[in-house]
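The values are calculated or read from the model by the stated rules, or taken from the named source; none is laboratory data. Quick caveat: nothing in here was measured; it's all calculated off a predicted structure. Every residue, glycine among them, receives a Cβ derived from its backbone with ideal geometry; neighbour counts consider all protein chains shown.
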Amino acid sequence: MEITKDQALKPHTTFKIGGPAKYFARVETPDELREALAFRKAHNLNFFVLGGGSNILVSDRGFDGLIIHPVNKGITAIEEDAREIALRIQAAETWDDAVGFAVEHQWWGIENLSHIPGQAGAALVQNIGAYGAQLSDVFQSAEVMEVATGEIRILDREACRLGYRSSIFNTTDKGRFIILSLRVRLAKLGQPNLQYPDVCAYFEQRGVTSPSLGEIRQAITAIRDAKFPFPREEKGGNAGSFFKNLLLTEAEYLRLEDQIQRNLTHELAAKLRALVRKSQTAEGIKIPAAFLIDACGLRGYRIGGALVNPTQPLVLLNQGGATARDVLSLACHVRRAVYEKTGVAIELEPELVGFTPAELAEFMSLD
Ligand SMILES: Cc1cc2nc3c(=O)[nH]c(=O)nc-3n(C[C@H](O)[C@H](O)[C@H](O)COP(=O)(O)OP(=O)(O)OC[C@H]3O[C@@H](n4cnc5c(N)ncnc54)[C@H](O)[C@@H]3O)c2cc1C
């Protein structure tokens with residue numbers, strides 16, 4: 001396994017932002033991964049596992065440590081009966097290719113997660129979700145390597161504790177494991193999941209009542225493309241949603257509504273109430289962060305080369321030439337404005353890589 005020095009990270013991120021990595025290792029097998037971890041230990045380095053780079057923002061200085069970049073691809077059917085099939089998906093497999101593979105074979109369960117960039121391993125890290133589906137709906141177990149020992153373990157659903165954009169891999173056990181593969185269970189006879197309003201409207205407009213898997217994948221791709229650009233262009237980029245939606249208790253929600261009424265308008269408070277009627281979940285009241293950003297008039301707000309996406313304000317865009325500092329300054333402005341008007345602190349979704357504690361404190365402060 002080759003470890004390169006001073007590797008540019010910008011091309012490895014969908015934001016197309018960030019300085020170089022001091023060391024960069026592409027790892028394909030568990031033995032190569034152990035080798036990379038031994039190198040890191042010998043040189044006393046920080047490490048970061050880089051998948052497709054679609055949920056990170058890398059500092060303009062880059063990363064002063066070892067980047068471990070999994071490249072192990074492949075999808076294998078491991079168990080099957082008349083109703084279901086279990087697949088093992090290697091960590092570096094492109095998530096959307098896995099979805100395409102399932103749809104081609106007429107296996108149901110992940111079609112609503114079409115067109116999300118990145119690798120399958122990282123999909124588990126934040127339990128990706130979109131259009132009324134999340135990975136946890138089909139996830140069974142993960143094969144992981146324990147960083148401290150190099151031991152390979154199987155973690156089941158319960159052990160991974162998947163929640164809204166969370167798992168043990170980005171919370172309690174962050175940095176403890178590297179995901180090697182995941183096992184998902186898909187249905188051979190499924191029903192379209194059309195609960196999400198955009199998806200429902202898409203088919204209603206076309207008079208389709210029972211869409212095929214292929215049609216659902218096509219619909220999701222079209223809906224997503226209309227909202228923000230899939231980062232394939234050379235110029236510019238984004239990391240999808242830059243802010244997480246909120247899950248509030250009843251009391252927190254009432255406080256938010258009261259703040260909106262006082263600091264913004266009665267119309268906005270009424271609009272939020274109508275929205276909330278449709279978004280009560282078992283975990284709490286879901287508030288779209290995009291609604292709050294929009295309510296504060298931040299759509300299209302710009303700092304340097306970074307812009308709050310005019311068509312989906314949850315997304316911050318690099319319009320070409322934006323620095324990490326531009327993006328974080330913009331995120332900081334958005335968080336402060338939303339906090340000031342609504343009393344709610346919205347959290348970032350992408351991971352910030354290579355920033356100093358002082359920089360993080362500066363950008364994350366709400367004062
Ligand atoms: C246009 C666009 C649309 C998006 N839409 C959605 C969406 O609808 N829903 C959604 O949930 N997300 C969405 N995202 C965010 C992103 O695509 C997902 O979070 C994706 O799963 C990240 O994959 P990645 O390989 O790019 O991860 P990276 O950005 O490379 O890494 C993300 C995190 O996972 C860790 N990681 C990566 N691989 C491993 C591994 N093998 N073992 C342990 N840790 C690992 C990294 O260290 C990091 O902490 C979107 C992003 C973009 C750019």
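Taking Ala122, is it within 11 Å of the ligand (Cβ to nearest atom), under 26 Å from Ile346 (Cβ atoms) and outside any loop (DSSP other than H, G, I, E, B)?
Details: within 11 Å of the ligand (Cβ to nearest atom): yes; under 26 Å from Ile346 (Cβ atoms): yes; outside any loop (DSSP other than H, G, I, E, B): yes.
The answer is yes for Ala122.
Specify which of the listed residues (Ile178, Ile216) is over 28 Å from Ala82 (Cα atoms) and in contact with a helix residue (DSSP H, G or I) (Cβ under 8 Å, 6 or more places away or on another chain).
On the way: Ile216 fails: over 28 Å from Ala82 (Cα atoms).
Just a single option satisfies the conditions, and that option is Ile178.
Quick one: in segment 226-253, of everything that is loosely packed, with under 12 Cβ neighbours inside 10 Å and modelled with pLDDT of 90 or more, which residue is farthest from Ala122 (Cα to Cα)?
It comes out as Ala251.
Being away from the ligand (no atom under 12 Å from the Cβ) and among the charged types (D, E, K, R) is the filter; apply it to segment 76-96 and report the residue that is surrounded by the most Cβ atoms within 10 Å (Cβ to Cβ).
In this case the residue turns out to be Arg88.
Taking the stated definitions as given, is Lys73 of a type outside the set (A, V, I, L, M, F, W, C), surrounded by fewer than 18 Cβ atoms within 10 Å (Cβ to Cβ), within 13 Å of the ligand (Cβ to nearest atom) and not in a helix (DSSP H, G or I)? Steps first, answer last, please.
Working: of a type outside the set (A, V, I, L, M, F, W, C): yes; surrounded by fewer than 18 Cβ atoms within 10 Å (Cβ to Cβ): yes; within 13 Å of the ligand (Cβ to nearest atom): yes; not in a helix (DSSP H, G or I): yes.
Taking the combined requirement at face value, the residue satisfies it.
Name the single residue that is farthest from the ligand (Cβ to nearest atom) among those in segment 141-162 being surrounded by 17 or more Cβ atoms within 10 Å (Cβ to Cβ) and not in a helix (DSSP H, G or I).
Taking segment 141-162 as the starting set, the residues that turn out to be surrounded by 17 or more Cβ atoms within 10 Å (Cβ to Cβ) are 141-145, 147, 155, 160, 162.
After this cut, where a residue has to be not in a helix (DSSP H, G or I) as well, the list is 141-145, 147, 155, 162.
Details: Ser141: 14, Ala142: 9, Glu143: 10, Val144: 7, Met145: 9, Val147: 9, Leu155: 12, Leu162: 12 Å.
Per the stated criteria, the residue is Ser141.
Given the criterion surrounded by fewer than 22 Cβ atoms within 10 Å (Cβ to Cβ), part of a helix (DSSP H, G or I) and modelled with pLDDT of 95 or more, identify the matching residue among Arg40, Arg26. Quick ask: steps written out before the conclusion?
Numbers: Arg26 fails: part of a helix (DSSP H, G or I).
Checking each option against the conditions leaves just Arg40.
Write out, first by first residue and then by second, each pair whose Cβ atoms fall under 7 Å of each other, whose residues are 6+ apart or on separate chains, and whose first residue, in segment 10-23, is farther than 16 Å from Phe230 by Cβ while the second is among the basic types (Lys, Arg) and in a loop (DSSP other than H, G, I, E, B).
Lys10/Lys16; Gly19/Arg61
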